[in-house]
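J.: Pasting a structure here, questions to come.
The values are calculated or read from the model by the stated rules, or taken from the named source; none is laboratory data. Model, not experiment: these values are computed from the prediction. Using ideal geometry, Cβ is built from the backbone for each residue, glycine included, and neighbour counts are taken over all protein chains shown.
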Amino acid sequence: MLLELKGVQKRFGGVVALRGGDLSVDAGEVHLVMGENGAGKSTMMKIIAGLYQRDGGEMKWRGQTVNFANPVEAAHVGIAMVHQESLLAPHLTVAENIFLGREVANRLGLIDRGAMVEKARRLIEEHHFPLQAEWKVERLSPAGKQLVEICRAIQHGTSLLIFDEPTSSLSEAETHEVFKIVRTLRDRGTGVIYITHRMDELRSVGDRVTILRDGETVHTESLATLSTASMIRYMVGREVAALYEREPVKPGPELLRVHNLTSPPAVKDVTLSVRAGEIVGMAGLVGAGRTELCRAIFGLDHPSAGQIWVDGKQVSIRGPRDAVRHGVALIPEDRQKTGLARELPISWNVTMADIPAQYGVLRHTTERDVTAKAIERLRIRCDSGAQKAGRLSGGNQQKVVISKWVSRGARVFLFDEPTRGIDIGAKVEVFEVMDELARQGAAILMVSSELPELLQVADRILVMRQGRLAGELPGRTTQEEIMRLATLPSSGTELEQ
């Protein structure tokens, strides 16, 4: 046995994040760790990787009790972690990030950049990743950065590798490549801990699964004998329907129209419309231009051609201020970086798009009232509006991002990957919020790489391919039909932005 945890505990002030964590991982095993956001998964993994120190319980590595003071100590014995959110240095190249902290030196003790580039190139080619060793990381999409994280962990060599949501931003082809890497590591005798919320991935990679709920390990079993329904029941403590059932709303007037919109190089001559009460899904492969389309509509990027109508009137959106003034809201793909001020209170995040001030003075009473209404309406689970937004679970963070625009009175919502990195229970809650907004007359454009989710939620599905609309499908179509429209031979450069 490589790793064993018994009754591990962790507190942050008065908050108990982990009250009874049990886990064992063998060499040559892929062990899945599952649970809703806030269940304690990330806390447990950070204790193993040396980012946190436990407050109680026992951790053994190869039979010896250990307590890593930092990630360097964990790495020294052979433990590495691929984080969901990129921890790379954006101003450095792919090769420099792969070898960061373990640079290759020449005989004079100087960094040998040529050798690092050559080794990185061989590693990238071995795994068929669409990367170039000389690319700057800041040019990469979230998917590209995730692949660099994986290359970095593989290159450094480990006995135990922790994957935290490794495929959350990857295409189907890239996901299968990650699966191959995981299987190769297992066959070489490496232990793998794999965290995922994507139920369709489980049986493709895992041997055993440990499920956490409310900071405790509640079940461990072989995947061969554990049904999906039982797994969900252990995760959420109740029965959850396998599919989210949404009853379509009779659409009202057109609230958003985009005509011949072009935003080089990613968006080319796109025309679409969304009516009040509609949830229109948008599918496509990584690099198809879906995120860039949302950015162009919201004014973050500046289109070179095309027109935008909101509520029947042609509008000029030269920046986000214009979009907000016209009632357009963007819930971005990366909520941690561009949707949320993690170190600020929930109340500040909820009201930042419409600060309650008079004569330049913040009206604290109004701020508290607006925040309390948002917490109640969106069912945000928190201690109070004064709690830091970054301390919430992923699903509740997403609700805070949405509440910012609901409080502002937005009517057109652009949801970019709204369920990325959140658990099945929180996904249902986000879908319920979207459904409520639609029923109250909002128009919603929903970008998602999760095809089953689009089929469950969307009234219509638009498919993008290489920056253009490839077609429109009814909401009750098939994944095969979506992929037929979305698929083109890869150019190998879609991870570069």
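J.: Looking for whichever is of a type outside the set (Phe, Trp, Tyr), more than 30 Å from Ile380 (Cβ to Cβ), assigned by TED's automatic domain parsing to the domain that holds Lys404 and touching a Leu at 6+ places or on another chain (Cβ under 9 Å) here; the options are Ala305, Ala276, Ala329. Which one fits?
T.: Details: Ala276 fails: more than 30 Å from Ile380 (Cβ to Cβ); Ala329 fails: more than 30 Å from Ile380 (Cβ to Cβ).
Testing whether each residue is of a type outside the set (Phe, Trp, Tyr), more than 30 Å from Ile380 (Cβ to Cβ), assigned by TED's automatic domain parsing to the domain that holds Lys404 and touching a Leu at 6+ places or on another chain (Cβ under 9 Å) leaves just Ala305.
J.: Restricting to the stretch 89-125, give me the number of residues that are of a type in the set (Asp, Glu) and more than 22 Å from Ala75 (Cβ to Cβ).
T.: Looking only at the stretch 89-125, we keep the residues that are of a type in the set (Asp, Glu), and these are 96, 103, 112, 118, 125.
Imposing the further condition that a residue be more than 22 Å from Ala75 (Cβ to Cβ) reduces the set to 118, 125.
Of the residues in the stretch 89-125, 2 are of a type in the set (Asp, Glu) and more than 22 Å from Ala75 (Cβ to Cβ).
J.: Considering only helices (runs of 4 or more DSSP H) fully contained in the stretch 387-497, which possess at least 1 residues that are out of contact with any Pro (no Cβ under 6 Å at 6 or more places or on another chain), closer than 28 Å to Lys313 by Cα and of a type outside the set (Val, Ile, Thr)?
T.: Values: elements: 394-408, 424-439, 451-457, 479-486.
Correct list: 394-408, 424-439.
J.: In addition: Return the residues of the stretch 331-349 that are crowded, with 22+ Cβ neighbours inside 10 Å, without any contact (Cβ under 8 Å) to a residue 60 or more places away in the chain and β-branched (Val, Ile, Thr); say none if nothing qualifies.
T.: Ile346
J.: Further question on the same structure: I need the full set of residues from the stretch 127-155 which are modelled with pLDDT of 80 or more, of a type in the set (A, V, I, L, M, F, W, C) and farther than 30 Å from Met1 by Cβ, in order please.
T.: Across the stretch 127-155, the qualifying residues are Phe129, Leu131, Ala133, Trp135, Val137, Leu140, Leu147, Val148.
J.: Looking at (1) modelled with pLDDT of 85 or more; (2) surrounded by 23 or more Cβ atoms within 10 Å (Cβ to Cβ), which is the only condition Ala426 fails?
T.: (1)
J.: Within the stretch 357-364, can one find any residue that is buried (at least 18 other Cβ atoms within 10 Å of the Cβ) and over 19 Å from Asp322 (Cα atoms)? Give the derivation first.
T.: Here is the first cut: in the stretch 357-364, the ones buried (at least 18 other Cβ atoms within 10 Å of the Cβ) are none.
Looking for residues that are buried (at least 18 other Cβ atoms within 10 Å of the Cβ) and over 19 Å from Asp322 (Cα atoms), one finds none in the stretch 357-364, hence no.
J.: Here's another thing I want to ask about it. Which residue pairs have Cβ atoms under 6 Å apart, sit 6 or more places apart or on different chains, and have a first residue in the stretch 212-239 that is touching a residue at least 12 places away in the same chain (Cβ under 8 Å) and a second that is acidic (Asp, Glu)?
T.: If the second residue must be acidic (Asp, Glu), the pairs left are Thr217/Asp22; Met235/Glu36.
J.: Restricting the search to the stretch 11-46, which residues are within 22 Å of Ala69 (Cβ to Cβ) and touching a Lys or Arg at 6+ places or on another chain (Cβ under 6 Å)?
T.: Listed by number, the residues that qualify are Ala17, Leu18, Thr43.
J.: Looking only at the stretch 214-236, count every residue that is surrounded by 19 or more Cβ atoms within 10 Å (Cβ to Cβ) and part of a strand (DSSP E or B) and tell me the total.
T.: 1
J.: In addition: Where the second residue is buried (at least 16 other Cβ atoms within 10 Å of the Cβ) and at pLDDT below 90 and the first is over 12 Å from Gln155 (Cβ atoms) and of a type in the set (Asp, Glu) and lies in the stretch 113-135, which pairs have Cβ atoms under 9 Å and are six or more apart or on separate chains?
T.: none
J.: Looking at the stretch 43-55, is at least one residue more than 30 Å from Ala133 (Cβ to Cβ), of a type in the set (Asp, Glu), in contact (Cβ under 8 Å) with a residue 60 or more places away in the chain and out of contact with any Ser or Thr (no Cβ under 7 Å at 6 or more places or on another chain)?
T.: no
J.: If Val15 meets every condition in (1) of a type in the set (A, V, I, L, M, F, W, C); (2) farther than 28 Å from Ile181 by Cα; (3) in contact with a strand residue (DSSP E or B) (Cβ under 8 Å, 6 or more places away or on another chain) apart from one, which number is that one?
T.: Going through the list (1) of a type in the set (A, V, I, L, M, F, W, C); (2) farther than 28 Å from Ile181 by Cα; (3) in contact with a strand residue (DSSP E or B) (Cβ under 8 Å, 6 or more places away or on another chain), Val15 breaks only (3).
J.: Quick check on my filter: what residues within the stretch 156-195 are assigned to a loop (DSSP other than H, G, I, E, B) and at pLDDT 80 or above? Can you show your working first?
T.: Let us first name the residues in the stretch 156-195 that are assigned to a loop (DSSP other than H, G, I, E, B), namely 157-159, 165-171, 188-190.
Within the stretch 156-195, Ser159, Arg188, Gly189, Thr190 meet the criteria.
J.: Oh, and also: Just to be sure, is Leu123 in a helix (DSSP H, G or I), out of contact with any strand residue (DSSP E or B) (no Cβ under 6 Å at 6 or more places or on another chain) and surrounded by 13 or more Cβ atoms within 10 Å (Cβ to Cβ)? Steps first, answer last, please.
T.: On the way: in a helix (DSSP H, G or I): yes; out of contact with any strand residue (DSSP E or B) (no Cβ under 6 Å at 6 or more places or on another chain): yes; surrounded by 13 or more Cβ atoms within 10 Å (Cβ to Cβ): yes.
Against the criterion (in a helix (DSSP H, G or I), out of contact with any strand residue (DSSP E or B) (no Cβ under 6 Å at 6 or more places or on another chain) and surrounded by 13 or more Cβ atoms within 10 Å (Cβ to Cβ)), Leu123 qualifies.
J.: Now a separate question. Name the residues in the stretch 358-386 that are outside any helix (DSSP H, G or I) and not small (Gly, Ala, Ser), would you?
T.: Taking the stretch 358-386 first, the residues outside any helix (DSSP H, G or I) are 358-363, 378-386.
Hits for the stretch 358-386 are Gln358, Tyr359, Val361, Leu362, Arg363, Leu378, Arg379, Ile380, Arg381, Cys382, Asp383.
J.: Being in contact with a Leu (Cβ under 8 Å, 6 or more places away or on another chain), modelled with pLDDT under 95 and within 24 Å of Gln397 (Cβ to Cβ): is that true of Gly13 here? Steps first, please.
T.: Working: in contact with a Leu (Cβ under 8 Å, 6 or more places away or on another chain): no; modelled with pLDDT under 95: yes; within 24 Å of Gln397 (Cβ to Cβ): yes.
It is false that Gly13 is in contact with a Leu (Cβ under 8 Å, 6 or more places away or on another chain), modelled with pLDDT under 95 and within 24 Å of Gln397 (Cβ to Cβ).
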